[in-house]
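**Q** I have a structure here, written as structure tokens, and I will follow up with some questions on it.
The values are calculated or read from the model by the stated rules, or taken from the named source; none is laboratory data. These numbers come from a predicted model, not from an experiment. No Cβ is skipped: glycine too gets one built from the backbone with ideal geometry, and neighbour counts run over all protein chains shown. Ligands, DNA and RNA are stripped out before the accessible areas are found, and what is left, the full protein with its side chains, is counted by its heavy atoms. Shrake-Rupley method; radii C 1.70, N 1.55, O 1.52, S 1.80 Å.
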Amino acid sequence: MWRYLKRVLIGKPLKTMDEGGQALTKFKALALLSSDALSSVAYGTEQITTVLITLSAAALYYQLWVAALVLVLLFAITLSYQQIIHAYPSGGGAYVVASTNWGQSAGLVAGGSLLVDYMLTVAVSTTSGTEAITSAIPALYPYSVLVSVLVSVLIVIGIMLLNLRGMRESASFLTLPVYLFIFMIIVMIGVGFYNIVSGHITYHAAASVGQPVQGMTLLLFLRAFSSGSSSLTGVEAISNAVPNFKEPKRHNAAATLAIMAGILAIFFAGITFLSYYMGIRPQSNQTVLSQIGIGVFGHGVLYYLLQLSTALILAVAANTGFSAFPILAYNLAKDKFLPHAYLDRGDRLGYSNGIISLAVGAIVLIFIFHGQTTLLIPLYALGVFVPFVLSQSGMIIHWFREREGFWLGKAFINLIGAGISLGLVVLLLLLHFGNVWPYVIIMPLVLLLFYRINGHYHNVAKQLRVAAKEKADIHEYDGATVIVLVSNITRVTTGAINYARSIGDYVIAMHVSFDENPEKEHKTAQEFKEEFPDIRFVDIHSSYRSIATPTLRFCDVIAKRAAERNFTTTVLVPQFVPRHPWQNVLHNQTALRLRAILNSRENIIVSTYNYHLKE
């Protein structure tokens, strides 16, 4: 039943040689990897105005200057990540750059930040999508928190299943919502500017550009800038996923990044200008983008198409995290800082364990923050800009080491990006500490986890490695003791005893009884002696109805005596295997529990004798 359900949800397994068919063209990569960055225009301007309105409506004109500074940072980051794509095409982005140029610890900070940030990407995108729905349907507003949590969780599960089916299918599915959103925003900005020129939209800004606003401070401006910088989240995703592109990978990835940055810049600038010109003010029950849509389209079909496309792209923007997280986890696992399970490809050639882990982490965050986007965004932005700082400053070191081409100019671009990003990190920590404090706790724990995993792998390798000039430790034993665990006298027992005779010099049958009727237990012992007169039978009574504890104690005693005689000790656990997997739930799992507890003993070999049922 499970295998059938898995095939329905995920599809048939793909051959390893089919991997080339999963590579992305620029058209599909833009849909798959740019949805997060492009969707941020739905809330980027709103984050700026939400900060400025705390002073006055007149202060909203400063959103133009904030937006200009954000665009400068976007330009620097785009050029920087294009350089990263060409210099480090193996994927991994900021983690690989920081590790190579700053050292492993800095790389782990970048990698850990991005792992958490991709979970936040999924959480923010899905919760923002539900906010677009409640803006278009006011009747849902009283239940917005419940709707946000439930719908967001369902969206996360749906996108997880989509990604488990493979990149090609997820990219094909995402093409429609992403390009519908691009089309609708282009139409909205175009119609909006036409209405301004034709006089259909009048000037409603509370203050003209350049007019001083009383009470405006540099601190408030920087606070608005740090909030608006959330529009740049997701820009790094393409550099993390270079291996997913068709050949030439570096050229296609760099071109896709340039196209995405160009679209993002036009959208962000256009939406911010319309917000200022139309005098839009942030509201609790309606997003800024929704208000602009009403001002441009009215309450007609185009407005609802805009809201639908916004909800769709915000929902599928989570897919950017699903595309980048597994590859980053793969690079960390390859360096032995995450479990090797993240190296494994699933049936559809995707890194399934990374995809599932991301979904689980995002769902946990949605519940913790009650599906509220405003609580998630500052932490989300910090998780992006810490890797920005490390990667761009790392590229400065790279250029001074390599000195290729116009390297001084490239290093200067990286310096601008690193400087602004570092300023944003400081601002987020100082001005939004109430929202970003979990980062200060989570990151040390993540780094500790990385080092513990890495230490474990190195210890395992050290203990298992055989030095080239040393002979392997060869120890010859004089014999073998085999303990057969017996519950009652059946065909399973007979087969296990016969197998034990073939491999052991000394065979013991052990039975644990906790029945209060001694006659019944005596009968079991008598039946065994009649069937196997040459095998020693030991019956241990358990007053507390436990099988595992007395079994372990008995095996410890026998193993100690066997070691004194230079014998090995093998515990043979008999079990029958039902013909149909679902029938396992009808039987207890005593054999499984016994194997688990016996595996804790290093001087005991645990073996299983399987008897397969025919019906």
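**Q** Does the stretch 511-532 include one or more residues that are under 14 Å from Val573 (Cα atoms) and of a type in the set (Val, Ile, Thr)?
**A** Yes, the stretch 511-532 has at least one match.
**Q** Report, by residue number, each residue of the stretch 557-574 that is open to solvent by 20 Å² or more (accessible area, probe 1.4 Å), outside any helix (DSSP H, G or I) and not hydroxyl-bearing (Ser, Thr, Tyr).
**A** Arg565, Asn566, Phe567, Pro574 - these are the residues of the stretch 557-574 that are open to solvent by 20 Å² or more (accessible area, probe 1.4 Å), outside any helix (DSSP H, G or I) and not hydroxyl-bearing (Ser, Thr, Tyr).
**Q** Given the options Leu429, Leu415, Leu448, name the one that is within 22 Å of Leu74 (Cα to Cα), without any contact (Cβ under 8 Å) to a residue 40 or more places away in the chain and open to solvent by 50 Å² or more (accessible area, probe 1.4 Å).
**A** Matching residue, one of Leu429, Leu415, Leu448: Leu415.
**Q** Output the number of residues of the stretch 326-350 satisfying the condition of being assigned to a helix (DSSP H, G or I) and either in contact with a Cys (Cβ under 8 Å, 6 or more places away or on another chain) or open to solvent by 10 Å² or more (accessible area, probe 1.4 Å) (or both).
**A** Looking only at that region, the number is 7.
**Q** From the list Arg553, Arg579, which one is in a helix (DSSP H, G or I) and charged (D, E, K, R)?
**A** Arg553
**Q** Can Ala548 be described as touching a Leu at 6+ places or on another chain (Cβ under 9 Å), in contact (Cβ under 8 Å) with a residue 12 or more places away in the chain, open to solvent by less than 20 Å² (accessible area, probe 1.4 Å) and under 24 Å from Ala480 (Cα atoms)?
**A** Considered against the rule, which asks whether it is touching a Leu at 6+ places or on another chain (Cβ under 9 Å), in contact (Cβ under 8 Å) with a residue 12 or more places away in the chain, open to solvent by less than 20 Å² (accessible area, probe 1.4 Å) and under 24 Å from Ala480 (Cα atoms), Ala548 comes out as no.
**Q** Quick check on Thr590: is it open to solvent by 20 Å² or more (accessible area, probe 1.4 Å) and out of contact with any Phe, Trp or Tyr (no Cβ under 9 Å at 6 or more places or on another chain)? Give the derivation first.
**A** Details: open to solvent by 20 Å² or more (accessible area, probe 1.4 Å): yes; out of contact with any Phe, Trp or Tyr (no Cβ under 9 Å at 6 or more places or on another chain): yes.
Yes, satisfied.
**Q** Follow-up question, since we're still on this one. Name the residue, out of Phe532, Phe537, Phe554, that is modelled with pLDDT of 85 or more, of a type in the set (Phe, Trp, Tyr), surrounded by 14 or more Cβ atoms within 10 Å (Cβ to Cβ) and farther than 24 Å from Leu592 by Cα. Break it down stepwise before answering.
**A** On the way: Phe537 fails: farther than 24 Å from Leu592 by Cα; Phe554 fails: farther than 24 Å from Leu592 by Cα.
Among Phe532, Phe537, Phe554, only Phe532 is modelled with pLDDT of 85 or more, of a type in the set (Phe, Trp, Tyr), surrounded by 14 or more Cβ atoms within 10 Å (Cβ to Cβ) and farther than 24 Å from Leu592 by Cα.
**Q** Now for a separate question. Select, from Ser90, Ser80, Ser56, the only residue that is of a type in the set (S, T, N, Q), assigned to a loop (DSSP other than H, G, I, E, B), in contact (Cβ under 8 Å) with a residue 60 or more places away in the chain and closer than 30 Å to Leu408 by Cα.
**A** Ser90
**Q** May I pose another question? Given the conditions (1) more than 24 Å from Gly103 (Cα to Cα); (2) in contact (Cβ under 8 Å) with a residue 40 or more places away in the chain; (3) not charged (D, E, K, R), and given that Ser421 satisfies all but one, which numbered condition is not satisfied?
**A** For Ser421, the exception is condition (1).
**Q** Still on this structure: What pairs come up if the first residue lies in the stretch 507-518 and is farther than 22 Å from Asp534 by Cα, the second is open to solvent by 50 Å² or more (accessible area, probe 1.4 Å) and at pLDDT 95 or above, and their beta carbons are under 7 Å apart, counting only those six or more places apart or on different chains?
**A** Taking only residues 6 or more apart or on different chains, not a single pair turns up.
**Q** Moving on to the next point. Checking the conditions here, which among Thr233, Thr256 is hydroxyl-bearing (Ser, Thr, Tyr), surrounded by 23 or more Cβ atoms within 10 Å (Cβ to Cβ) and farther than 23 Å from Thr50 by Cα?
**A** Thr256
**Q** Further question on the same structure: Of the residues Ala241, Ala265, which is crowded, with 23+ Cβ neighbours inside 10 Å and among the small types (Gly, Ala, Ser)?
**A** Only one candidate passes the filter, namely Ala241.
**Q** Something else now. Out of the stretch 153-211, which residues are loosely packed, with under 15 Cβ neighbours inside 10 Å, under 20 Å from Gly279 (Cβ atoms) and of a type outside the set (Gly, Ala, Ser)?
**A** Scanning the stretch 153-211 gives Tyr194, Val197, His200, Thr202, Tyr203, His204, Val209, Gln211.
**Q** A further question on this structure: Mind telling me which of the residues Glu527, Glu519 ends up being farther than 15 Å from Ser487 by Cα and at pLDDT below 90?
**A** Glu519 is the lone residue from the list that is farther than 15 Å from Ser487 by Cα and at pLDDT below 90.
**Q** Only one of (1) under 26 Å from the mean Cα position of the chain (by Cα); (2) open to solvent by 30 Å² or more (accessible area, probe 1.4 Å) fails for Phe400. Which number is that?
**A** (1)
**Q** Inside the stretch 351-467, counting only helices (runs of 4 or more DSSP H) that do not spill past its ends, which hold 1 or more residues that are modelled with pLDDT of 85 or more and among the aromatic types (Phe, Trp, Tyr)?
**A** Values: elements: 352-368, 373-402, 407-431, 433-464.
Here the list reads 373-402, 407-431, 433-464.
**Q** For Val97, which of the numbered conditions (1) open to solvent by 10 Å² or more (accessible area, probe 1.4 Å); (2) touching a His at 6+ places or on another chain (Cβ under 9 Å) fails to hold?
**A** (1)
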